[in-house]
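To start, the structure under review is shown below, and the notes come after it.
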Amino acid sequence: FQQWYSSSMKVICMWLADRLDLQLHIYQLKTLIKIVKKTYRDFRLQGVLEGTLNSKTYDTVHSRLTMEEATVSVTDAGGLQGITMKDSDE
């Protein structure tokens, strides 16, 4: 599970890196937020260790999506319709 999680986050991170100079479309952002949050939660429930879950790759993905989310919230009020990187447990 740890290898599966790590490779999943690496693919998302590489995809985002390829589009570093481009702003994500609102639908891309909403979809990626859902994928990353669900992946994180599901693998946490499967017993993947915190060190693997909160890797440098995950931090990079999380930071980029949070930045994109902030940009959308400033430029397009209500565009994300309640979808956010902030965990509902926080």
Problem set entry | Residues satisfying the stated conditions in the stretch 50-70, i.e. over 9 Å from the mean Cα position of the chain (by Cα) and closer than 19 Å to K30 by Cβ | M67, E68, E69, A70
Exercise. Given the stretch 1-78, what helices (runs of 4 or more DSSP H) lie entirely inside it while holding 3 or more residues that are buried (at least 18 other Cβ atoms within 10 Å of the Cβ) and either at pLDDT 90 or above or hydroxyl-bearing (S, T, Y) (or both)?
Worked result: 2-18, 26-45, 56-75
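The values are calculated or read from the model by the stated rules, or taken from the named source; none is laboratory data. Note that the coordinates shown come from a computational prediction; the quantities given were computed from them, not determined experimentally. Here Cβ is always computed from backbone atoms with ideal geometry, including for glycine, and neighbour counts include all displayed protein chains.
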